[in-house]
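Here the structure comes first, spelled out in structure tokens, and everything after it is commentary.
The values are calculated or read from the model by the stated rules, or taken from the named source; none is laboratory data. This is a predicted model, so every value here is computed, not measured. For neighbour counting, all protein chains shown are included, and Cβ atoms are generated from backbone atoms with ideal geometry for every residue, glycine included. Surface accessibility is based on the protein's heavy atoms, side chains included, excluding ligands, DNA and RNA. Shrake-Rupley method; radii C 1.70, N 1.55, O 1.52, S 1.80 Å.
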Amino acid sequence: MNLTDSVETLKGIGPKTAETLKKVNIKTVRDFFYNLPRDYENYQAATTIAEVKPGKIVVKGKIEKLNLIRAKRRNFSIVEGLIRDETGTIKVVWFNQTYRMNQFAPDKEYLFSGTYEFRNGRFQLTSPSSALYADVDPGSGLSPVYVAHGKLKSGDFRRLLDGARDKFAEIPDLLPTVEAGTRKEALFKAHFPTSGEAVKEARDYLAYEELFELILASRLNQQENDKLKAVPLKFEAEKIRDFVARLPFKLTNAQRKAAWEIFQDMEKPRPMNRLLQGDVGSGKTMVAALAAYEAVLSRGQVAIIAPTAILASQHYEGIGPLLGKFGVKTALLTSATKDKLGLKKQIVNNGVDIVIGTHAILTDDTEFANLSLVIIDEQHRFGVEQRQKLALKSPSGVAPHLLAMTATPIPRSLQLTIFGDLDISILDELPKGRQPIETKILPEINISEKLYPKILETVKKGQQVYWICKAIDTTGEVPDGFESGKDLTSVKTRTRKLKEVFPKLRVEFLHGKMKPAEKDAVMTNFANGEIDILVSTTVVEVGVDVPNATLIVIENAEGYGLAQLHQLRGRVGRGLVKSDCFLLTSGDDKPSKRLQELEKSTDGFYLAEVDLKLRGPGEIYGALQHGALDLRIASLSDTRLISRAKKDAEEFLKLGDKMAEYKELMAGISKYQQITTLN
Ligand code: ADP
Ligand code: MG
């Protein structure tokens, strides 16, 4: 058996099953073994049916009288029947699980775990999980639960794995230094647990494996970066001091320190690889301007890359005039630029010092005479290939220095592992005079009473309002986290409603499907105070700066991640007056922990730690970056495992060229390298 073989080579997996598995990315034998249980159902506490009481129960029995009832509502079905043991029967009901009709053999015993409750005038067991009694380990009572994929339900995975039981023995180890057992044992225990302890051992081992890979990837990135050459840029103390002295405000200490760290990096003959982290409003742009000026003073060119055209224009308007006073030539290059060819000619002839634009600068044919610094706003990720592309854009062939900026703080535990190859500067201080943002969770039904008066008051004071919606309209694609479009109030519907409620106010909308020129026009009007309420999707999420906006309403707040909510909220509180944020919830459920935390704190670093705990790193970085970082097992708060993996990875690095002999490991790592690196 080879781990890279197709799953089809396993006994019991025919072409049809293989095809289904392929659709969910289970292609090889390795993928198959690593499709780990999502959870374990514990059937230990089974009682007889005669003993059943309302609440959480586990019973063992045979199924009879199954019936499929289709409701009038489309896409809704009920399967109901009886569970019988030697002491009696209880009613069982499943909603929208039609496959239950064909799941049970009448003569076999099954275990059921779920809630026994009074519903629709009778007692019933509602949508219990189930397992074939013979499949469940009698000692532990544990049964693994797999994520269902289309036709393949959890039980099907159990059966397929059972068929491959004897193949586990052939699984080779992945890692060189194995202290805590072997991979084959760990995987076997994960799929066929004999105790809670065994489950923990399995997870620990597999988490260790994962951490080892991550840390190794990050260390290899560092080594590769060290091999690259860059043009050292001399620190021009005198000129920088003069620039700072003429700013309309004093730099914060954090800004000074970050700039200092950057200047020191750029003086070296190898490329800077630095991430500037700072909460929304902490003044990252000013630090970027300082770095850019420094590069220009050494006759280098700078590219500043923003995630959207709106942001690029804003940077252009902010940085252009500021540095223009010192003779620096800045240009904006986006899809809306009129004479693109002319501008590109100027750039390649060194007629422009700083080019500000979107990612298009990296991918199109723009060439630089002497690109020495690249600044990327609101993005962590920057692939190896992209930096190579940049080096090619400069005839000198050396790699530019790199500064990435983000308002999404990376929790310390992640810094040690995934982003270990990055140097990090932190702006942990807001400019003086910032007012706090008051955040309130508000059920949507209360908006006319609690929110509308606030909006009127805000606009009367000459201030402006953002109103964020999840969807553009109700017909399009349904965003993640929502069952259907009808649960959402869209940008268009909300705009219409607000115009009805406030006929005298100027209400406009903004969304990502509008033409760039239309978007820019709306954003410019808003920035100029010609719009009172801007109803928008999250296109305003990153970086947009309108200090006169002091109220933000986030509709369907439950549908966003914590980091994103924090980002959105940061659109206000940028001026000198107190701002407010309303988080609208649609149901009458208790607000999630996420929203409660957001209500309590405005500290981005604290919220990032909370988010990491609540959702896990995969979720956070999956959503944040283009490539999903799929940490399936490891908890990055497990410092014991991390330090062990770190030590062992360092040891492994000493093998040098011999590392290549660990083919599977090295192949897996190049995948991680793509995701985590900035170089
Ligand atoms: P972010 O870190 O979110 O990108 P910005 O760079 O957009 O923040 O800065 C937010 C606002 O704060 C801008 O209007 C900027 O001019 C202002 N600002 C930056 N640094 C300072 C400072 N040291 N003192 C006062 N205001 C500052
Ligand atoms: Mg910014």
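Counting only residues that are touching a helix residue (DSSP H, G or I) at 6+ places or on another chain (Cβ under 7 Å) and among the aliphatic types (A, V, I, L, M), the range 101-122 holds 1 of them.
Scanning the range 253-285 for residues that are closer than 20 Å to T408 by Cα, out of contact with any helix residue (DSSP H, G or I) (no Cβ under 8 Å at 6 or more places or on another chain) and assigned to a loop (DSSP other than H, G, I, E, B) turns up just one, G281.
Can you find a residue in the range 281-288 that is polar (S, T, N, Q), under 18 Å from L427 (Cβ atoms) and either in the same structural domain as A254 (by TED's automatic domain parsing) or surrounded by 17 or more Cβ atoms within 10 Å (Cβ to Cβ) (or both)? The answer is yes, given that some residue of the range 281-288 is polar (S, T, N, Q), under 18 Å from L427 (Cβ atoms) and either in the same structural domain as A254 (by TED's automatic domain parsing) or surrounded by 17 or more Cβ atoms within 10 Å (Cβ to Cβ) (or both).
Please verify whether P307 is open to solvent by 50 Å² or more (accessible area, probe 1.4 Å), in a loop (DSSP other than H, G, I, E, B) and within 14 Å of ligand 2 (Cβ to nearest atom), treating the condition exactly as stated. Here the answer is yes, as P307 does meet what is asked.
Scanning the range 482-506 for residues that are surrounded by 12 or more Cβ atoms within 10 Å (Cβ to Cβ), modelled with pLDDT under 90 and part of a loop (DSSP other than H, G, I, E, B) yields F482, L488, T489, S490. Within the range 447-470, which residues are surrounded by fewer than 19 Cβ atoms within 10 Å (Cβ to Cβ) and part of a loop (DSSP other than H, G, I, E, B)? Once the filter is applied, which keeps residues that are surrounded by fewer than 19 Cβ atoms within 10 Å (Cβ to Cβ) and part of a loop (DSSP other than H, G, I, E, B), the range 447-470 yields K461, G462.
How many of the residues making up the range 515-536 are within 17 Å of V572 (Cβ to Cβ), modelled with pLDDT of 90 or more and either assigned to a loop (DSSP other than H, G, I, E, B) or within 16 Å of ligand 2 (Cβ to nearest atom) (or both)? Here the count works out to 3.
Among the residues examined, R246 does not qualify as on the phi < 0 side of the Ramachandran plot, open to solvent by 60 Å² or more (accessible area, probe 1.4 Å) and within 13 Å of ligand 1 (Cβ to nearest atom). Of all residue pairs spaced 6 or more apart or on separate chains, those with beta-carbon atoms under 9 Å, a first member in the range 388-410 that is part of a strand (DSSP E or B) and more than 14 Å from ligand 2 (Cβ to nearest atom) and a second member that is polar (S, T, N, Q) and modelled with pLDDT of 65 or more are H401/N273; H401/S372; L402/N273. Could you please find all residues in the range 537-565 being modelled with pLDDT of 85 or more, of a type outside the set (A, V, I, L, M, F, W, C) and within 15 Å of ligand 2 (Cβ to nearest atom)? Once the filter is applied, which keeps residues that are modelled with pLDDT of 85 or more, of a type outside the set (A, V, I, L, M, F, W, C) and within 15 Å of ligand 2 (Cβ to nearest atom), the range 537-565 yields only P547. Of all residues being in contact with a Phe, Trp or Tyr (Cβ under 9 Å, 6 or more places away or on another chain) and more than 10 Å from ligand 1 (Cβ to nearest atom) in the range 264-287, which is modelled with the lowest pLDDT? Just the residue, please. Looking at residues that are in contact with a Phe, Trp or Tyr (Cβ under 9 Å, 6 or more places away or on another chain) and more than 10 Å from ligand 1 (Cβ to nearest atom), I get L275. Residue count for the range 151-179, restricted to those that are open to solvent by 60 Å² or more (accessible area, probe 1.4 Å) and in a loop (DSSP other than H, G, I, E, B): 4. Being among the aliphatic types (A, V, I, L, M) and either surrounded by fewer than 19 Cβ atoms within 10 Å (Cβ to Cβ) or out of contact with any Phe, Trp or Tyr (no Cβ under 9 Å at 6 or more places or on another chain) (or both) is a property that A259 has.
Listed by first and then second residue, the pairs linking a residue in the range 276-291 that is closer than 20 Å to F605 by Cβ and near ligand 2 (Cβ under 10 Å from one of its atoms) to a residue that is among the polar types (S, T, N, Q) and part of a loop (DSSP other than H, G, I, E, B), with Cβ atoms under 8 Å apart and 6 or more places separating them unless they lie on different chains, are S282/T252; G283/T252.
Quick check on T408: is it among the β-branched types (V, I, T) and modelled with pLDDT under 70? Against the criterion (among the β-branched types (V, I, T) and modelled with pLDDT under 70), T408 does not qualify.
In the range 515-554, the qualifying residues are those that are buried (at least 16 other Cβ atoms within 10 Å of the Cβ), of a type outside the set (V, I, T) and away from ligand 1 (no atom under 16 Å from the Cβ), and the one that is nearest to the chain's Cα centre (by Cα) is S536. The set of residues in the range 568-590 that are modelled with pLDDT of 85 or more and either of a type in the set (S, T, Y) or not in a strand (DSSP E or B) (or both) comprises L568, R569, G570, R571, V572, G573, V577, K578, S579, T585. If the condition is being farther than 21 Å from G141 by Cβ and assigned to a strand (DSSP E or B), then the range 96-120 contributes E117, F118, R119. Scanning the range 10-57 for residues that are open to solvent by 40 Å² or more (accessible area, probe 1.4 Å), closer than 24 Å to E185 by Cβ and more than 34 Å from the chain's Cα centre (by Cα) turns up K11, G12, Q44. Can you tell me which residue in the range 180-206 is least open to solvent (accessible area, probe 1.4 Å), limited to those that are of a type in the set (S, T, N, Q) and in contact with a Ser or Thr (Cβ under 8 Å, 6 or more places away or on another chain)? Step by step, filter the range 180-206, then rank; the result is S195.
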